[in-house]
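Please read the structure below before turning to the comments.
The values are calculated or read from the model by the stated rules, or taken from the named source; none is laboratory data. Being a predicted model, the structure only gives us computed values, none of them experimental. Positions of Cβ are generated from backbone atoms using ideal geometry, with glycine treated the same way; all protein chains shown enter the neighbour counts.
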Amino acid sequence: MKVSKALIEGKELLIKANIYQPLRESKLIICYVLDVNVNNSLLDIEKEITSSQKKRILSLFIRRSKGEPYAYLTKSVLFFGFTFYINRNVLIPRPETEELVETLLKIIKFKNKKYKLLDMGIGSGVILASLLMHLPNAYGIGTDISLKALKVSKINLNNLKLNGRSRLVNTNWSECLKDNSFDIIVCNPPYIANKHIKNLHREVKNFEPLKALKGGASGLESFISLLPSARRVIKNNGLIIFEIGFDQAKIAKKALEEKNFNVHKIVKDLSGIERILIAKPN
């Protein structure tokens, strides 16, 4: 089979499955299997595909047609300029979370300072790893209640040679960590109200870990529950930054103020949604 035929067959299969941009997705899968740069416009469509490559391509076409996200097929994702390993035990990082990292780095004036960072609910580790790559003297701790998620974050920290500047802890948010220990806390907690889960795109609700998405009845239950321990472990002159969901800024701000935080700034994402909340201890 030639590449051209594989492209057509993949496109037709993905069209039937209502996959967005089926030709592009077909090309992505073929380039992945053939180990060709997807941005290479000179993909040889007359190239013959081996039987083993054909079998693998077809398998990925079928999985993609069932809604499995491309990032899970390849077990990789590009985030903030770095390529990270992911699997179905962690969420696929979103552009909004890149905005969280970018916002924080803009706030930090002295990049070479020896900050101590905490990433609560570290998941894949992309937030902490990206921050450590831009803060060369910082040290980070990542916590997660999921051992499977911590395995993923460990791989990513090791791949970027950050294992000597980081530590992973299997705990709920910041429990068991020392008081007044952290200069900066980052957190992207589950913030989707349980009643809205059923309305998520099938690629999300059928494949991504729902535990990392469900924020309880209000969407802010996880957020509110972690605030007391976060206030305990942050330094008095520290800073905490969250990613939050649509129409949650007002309630989240009130919850922070009730736990002795002063909301410093609320930042809108590229869609105009109040997405990033920055606070300091009172």
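Kindly establish whether N237 is at pLDDT below 95 and farther than 26 Å from S124 by Cα.
Spelling it out, it is not the case that N237 is at pLDDT below 95 and farther than 26 Å from S124 by Cα.
When you look at P136, is it more than 16 Å from F80 (Cβ to Cβ), in a loop (DSSP other than H, G, I, E, B) and assigned by TED's automatic domain parsing to the domain that holds Q248, yes or no?
It is false that P136 is more than 16 Å from F80 (Cβ to Cβ), in a loop (DSSP other than H, G, I, E, B) and assigned by TED's automatic domain parsing to the domain that holds Q248.
Being surrounded by fewer than 19 Cβ atoms within 10 Å (Cβ to Cβ), outside any loop (DSSP other than H, G, I, E, B) and in contact with a helix residue (DSSP H, G or I) (Cβ under 8 Å, 6 or more places away or on another chain) is the filter here; which residues of segment 99-118 pass it?
L105
Return only the number of the condition from (1) surrounded by fewer than 16 Cβ atoms within 10 Å (Cβ to Cβ); (2) charged (D, E, K, R); (3) free of Cβ contacts under 8 Å to residues at least 40 places away in the same chain that K27 does not satisfy.
(1)
Going through segment 65-98 one residue at a time, which ones are in a loop (DSSP other than H, G, I, E, B) and either touching a His at 6+ places or on another chain (Cβ under 7 Å) or aromatic (F, W, Y) (or both)?
If the condition is that a residue be in a loop (DSSP other than H, G, I, E, B) and either touching a His at 6+ places or on another chain (Cβ under 7 Å) or aromatic (F, W, Y) (or both), then F80 is the only one that fits.
I need the full set of residues from segment 166-196 which are in contact with a strand residue (DSSP E or B) (Cβ under 6 Å, 6 or more places away or on another chain) and either among the aliphatic types (A, V, I, L, M) or not assigned by TED's automatic domain parsing to the domain that holds S124 (or both), in order please.
Within segment 166-196, L168, V169, I184, I185, V186 meet the criteria.
Filter segment 32-52 for residues that are part of a helix (DSSP H, G or I) and surrounded by fewer than 17 Cβ atoms within 10 Å (Cβ to Cβ) and give the result.
Across segment 32-52, the qualifying residues are S51, S52.
Would you point out the residue of segment 141-189, among those that are without any contact (Cβ under 8 Å) to a residue 12 or more places away in the chain and part of a loop (DSSP other than H, G, I, E, B), that is surrounded by the most Cβ atoms within 10 Å (Cβ to Cβ)?
Only one residue fits best here, namely C176.
For residues that are of a type in the set (V, I, T), closer than 16 Å to G215 by Cβ and not in a helix (DSSP H, G or I), scanning just segment 239-274, find the one that is nearest to the chain's Cα centre (by Cα).
Checked segment 239-274; the qualifying residue nearest to the chain's Cα centre (by Cα) is I244.
For the subset of segment 191-246 comprising residues that are in contact with a helix residue (DSSP H, G or I) (Cβ under 8 Å, 6 or more places away or on another chain) and β-branched (V, I, T), which member is surrounded by the fewest Cβ atoms within 10 Å (Cβ to Cβ)?
Taking the candidates together, the pick is I197.
Among the residues of segment 194-217, is any touching a residue at least 12 places away in the same chain (Cβ under 8 Å), assigned to a strand (DSSP E or B) and under 17 Å from the mean Cα position of the chain (by Cα)?
yes
Within segment 223-240, can you find the residues that are under 24 Å from R94 (Cα atoms) and either without any contact (Cβ under 8 Å) to a residue 40 or more places away in the chain or in contact with a Phe, Trp or Tyr (Cβ under 6 Å, 6 or more places away or on another chain) (or both)?
F223, I224, L226, L227
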